[in-house]
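Colleague: Structure provided below as structure tokens; questions to follow.
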Amino acid sequence: MNIREIIAKKRDGHALTNEEIGFFIRGYTDGFIPDYQGAALLMAMYIRGLDDEETGYLTNHMVKSGSTVNLNAIKGVKVDKHSTGGVGDKTTLVVAPLAAASGIFVPKMSGRGLGHTGGTIDKLESIPGFNTSLSQEDFMKTVRTVGFAVTGQTADIAAADKKIYGLRDVTSTVDSIPLIASSVMSKKIASGCDAIILDVKLGSGAFMTDMKQALKLSKTMISIGENAGKRTFCLITDMDVPLGNTIGNALEVIEAIETLKGNGPDDFTELCIHIAGAMLYVAGKCHDLNSGRDMARKNIENQSALKRFREFIRLQGGNPNVIDDYSLFPCAKESKVLLSNTEGYIRKMDCKRIGVTSMELGAGRKFLTDVIQSGAGIRLHKKTGDYVNKGDLLATLYSDDVEKLDKGEALFLESIEFDMERPPQRSILKATMDKDKTEILCFPELVC
Ligand code: URA
């Protein structure tokens, strides 16, 4: 087989065979197909697209390119959850204990943050002593004991994806539906769970900024998952406004704990209940989504999820006292309050720019090798839809470097637009999609 011919075939708009896609994945992962040919083929795929069959082949070859996790030793339904990436997204920290408290298992492999989006592993590492590199034995033991565990994703899971994602990142080929779907689903399938809940983010802080695209991505991922024998369910959720009131690692863990205590921000709490409810539903713990949501709500009210979170921190080597004493978290050396010099409603927040602001403050990475500041980030005092008077507190920025605060201030202020007219109320859940049923709750154009 010849990679030049495969590139030319896709460039000219023809479908590739299973063998041709397998040849590319093996060749690129093993290093005998160089970056320039890999980049050319990815760009051809990006422009010409892949049909459902090709996307399935691509996913299967990516799964086979690395190792797969065997979770058979855990007796019970194992459910994974994945978000396509957002700003202020600390959902895993809340939904894993919420779902586990109703008797399902959530063995979670998570990643680090890159660019404007954060990563669960970085957030958890802000807990003093917390270990995110568990041995397989400790990972299984924690899942069995407390119902969930979170460990860093090994390079070996869907090994091809790690290399291909790196190349997509620098060749502007990330936001392609078949490439995103195969990247996400290859990792989820290799991670060994029985069911997968996908939180597809939609809006200015997400890869998908258009509802039609988000629906197409969801449909593609459900079809890949179900064909692999995994129960797969998607929620399309708002990412036009940062999630909750904090962005940054320690700040977000504290907000997640507050949510488990029942004091979380409304949008974030609601999203966690929707996701945990869907996890319980696909696991067969209830007959419909509403009952799943009720179960999740109850696990906040009776503090059973909080109790599990405390035990999870202890089992993974962290200091569980952080739950009662937030001063144990790392704290940024410097902070700056931002006051409004405008009056009116916040009409729009550029979510991606706010994520970039947090990264510039030290909470995120431009490159995977960057060292992050666990205490850095942003606390939002006002969000889209709020009325602001001149002199009102808009946000507090945190960083270890005072000069980063000035740059952060300029970036943050550029991300907000005001209007004298009240914007329509937003809702966090835009749509749900099961294998045979799609429910569209609102079109983002209607801003409901
Ligand atoms: N998340 C992934 O894991 N892969 C993508 O391609 C995009 C988001």
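Taken together, the values in this text are just the output of simple stated rules run on the coordinates, not laboratory data. Not measured: the values here are computed from a predicted model. Because the Cβ atoms are built from the backbone with ideal geometry, glycine has one as well, and the counts that use them run over all protein chains shown.
Colleague: Sequence gap at least 6, Cα distance under 8 Å: using those rules, report the relative contact order of the stretch 82-225 to the nearest whole percent. Walk me through the numbers before you get to the answer.
Modeller: Numbers: 167 pairs, mean separation 38.6, N = 144.
Worked out over the stretch 82-225, it gives 27 percent.
Colleague: So how much slack lies between SER427 and THR145, counting 0.36 nm per residue of separation and subtracting their Cα-Cα distance, in nm?
Modeller: Numbers: separation 282, 0.36 × 282 = 101.52 nm, distance 3.58 nm.
Result for the pair: 97.9 nm of gain on full extension.
Colleague: So, one more: Given an 8 Å cut-off on Cα distances and at least 6 residues of separation, report the relative contact order of the chain as a percent.
Modeller: Numbers: 959 pairs, mean separation 80.6, N = 448.
Reported relative contact order: 18 percent.
Colleague: Now, a different point. Quick check: Cα centre of the stretch 336-404 to Cα centre of the stretch 278-305, how many Å?
Modeller: Value for the Cα centre distance between the two parts: 33 Å.
Colleague: With the dipole of the stretch 332-419 worked out from charges on the C-beta (+1 for Lys and Arg, -1 for Asp and Glu) around the Cα centre, which of VAL388, VAL337, LEU368 lies farthest toward the positive end?
Modeller: Checking the options against the dipole of the stretch 332-419, the answer is LEU368.
Colleague: When only Cα pairs under 8 Å and 6 or more residues apart are kept, what is the percent relative contact order across the stretch 352-448? Let's see the in-between values first.
Modeller: Working: 111 pairs, mean separation 22.5, N = 97.
Worked out over the stretch 352-448, it gives 23 percent.
Colleague: Based on the Cβ-Cβ distance of LYS366 and SER335, what FRET efficiency does E = 1/(1 + (r/R0)^6) give at R0 = 25 Å, to the nearest 0.05? Walk me through the intermediate numbers first.
Modeller: Details: r = 22 Å, r/R0 = 0.89.
So, using R0 = 25 Å, E works out to roughly 0.65.
Colleague: Compute the Cα gyration tensor for the stretch 16-91, then decide on rounded, prolate or oblate, letting a ≥ b ≥ c be the square roots of its eigenvalues: rounded whenever a/c is under 1.5, prolate when a/b is larger than b/c in the other cases, and oblate in all that remain. Don't skip to the end; give the middle numbers.
Modeller: Values: a/c = 2.10, a/b = 1.54, b/c = 1.37.
Verdict is prolate for the stretch 16-91.
Colleague: To the nearest 20 Debye, how big is the dipole of the chain about its Cα centre, given +1 on the beta carbon of each Lys and Arg and -1 on that of each Asp and Glu? List each step's numbers first, then the result.
Modeller: Working: 55 positive and 58 negative charges, 193 e Å.
Roughly 920 debye, rounded to the nearest 20.
Colleague: What are the equivalent ellipsoid semi-axes of the chain, built from the alpha-carbon gyration tensor (square roots of five times its eigenvalues), in whole angstrom, biggest first? Walk me through the numbers on the way to the answer.
Modeller: Values: eigenvalues 223, 141, 98 Å².
The equivalent ellipsoid of the chain has semi-axes of 33, 27, 22 Å.
Colleague: Quick check on the stretch 111-221: take the gyration tensor over C-alpha atoms, sort the square-rooted eigenvalues as a ≥ b ≥ c, and tell me if it's rounded (a/c under 1.5), prolate or oblate.
Modeller: Details: a/c = 1.79, a/b = 1.65, b/c = 1.08.
It comes out prolate by the Cα gyration axes.
Colleague: Any chance you could run the full-extension gain for ASP386 through GLU417? It's 0.36 nm times the residue separation minus the Cα-Cα distance, nm to one decimal.
Modeller: Numbers: separation 31, 0.36 × 31 = 11.16 nm, distance 1.16 nm.
In short, 10.0 nm is gained.
Colleague: Just from its helices, what would the mean residue ellipticity at 222 nm be for the chain, if runs of 4 or more DSSP H residues each count -39500 (n - 2.57) and the sum is divided by every residue, rounded to the nearest 500 deg cm²/dmol? Show your work: numbers first, answer last.
Modeller: Details: 16 runs with 192 residues, N = 448.
Rounded to the nearest 500, it is -13500 deg cm²/dmol.
Colleague: Place +1 on the Cβ of every Lys and Arg and -1 on the Cβ of every Asp and Glu in the chain, take the dipole about the Cα centre, and give the residue among ALA8, GLY118, LEU280 whose Cα lies farthest towards its positive end.
Modeller: Of the listed residues, the answer is LEU280.
Colleague: Most mobile of THR246, THR237, THR173 per a Gaussian network model of the chain (Cα springs, under 10 Å)?
Modeller: Residue with maximal mean-square fluctuation among THR246, THR237, THR173: THR173.
Colleague: One quarter of the convex hull surface, Cα atoms only: what value does that give for the stretch 332-419 in nm²?
Modeller: On the way: hull surface 20.8 nm².
Taking a quarter of the hull surface, the average projection is 5.2 nm².
Colleague: Among ILE25, GLY76, MET45, which residue has its Cα furthest toward the positive end of the charge dipole of the stretch 17-79, with +1 on Lys/Arg Cβ and -1 on Asp/Glu Cβ?
Modeller: GLY76
Colleague: Once you order the gyration tensor axes a ≥ b ≥ c over the Cα atoms, which shape class does the stretch 167-243 get: rounded for a/c under 1.5, otherwise prolate or oblate by comparing a/b with b/c? Don't jump to the answer; show the numbers that get you there.
Modeller: Working: a/c = 1.93, a/b = 1.33, b/c = 1.45.
The shape class here is oblate.
Colleague: May I ask you to order 227-233, 208-214 by the average number of other C-beta atoms within 10 Å around their residues, highest value first? Can you show the working numbers first?
Modeller: Values: 227-233: 19.1, 208-214: 17.4.
Final packing ranking: 227-233, 208-214.
Colleague: Also, I was wondering about something else. What size of dipole, in debye to the nearest 20, comes out for the stretch 1-116 about its Cα centre when the only charges are +1 on Lys and Arg C-beta atoms and -1 on Asp and Glu C-beta atoms? Kindly include the intermediate steps, with their values, before the conclusion.
Modeller: On the way: 13 positive and 12 negative charges, 108 e Å.
Using Cβ point charges on Lys, Arg, Asp and Glu, the stretch 1-116 gives about 520 debye.
Colleague: Using 0.36 nm per residue of separation minus the Cα-Cα distance, give me the extension gain between VAL402 and ASP169 in nm, one decimal.
Modeller: On the way: separation 233, 0.36 × 233 = 83.88 nm, distance 3.03 nm.
Between VAL402 and ASP169, full extension yields an extra 80.8 nm.
Colleague: Give me a comma-separated list of calculated 3J(HN,Hα) values for the stretch 119-128, in order, Karplus coefficients 6.51, -1.76, 1.60 applied at θ = phi - 60°, integers in Hz, x for any Gly or Pro.
Modeller: Running phi through 6.51 cos²θ - 1.76 cosθ + 1.60 with θ = phi - 60° gives x, 4, 4, 4, 5, 5, 5, 7, 7, x Hz.
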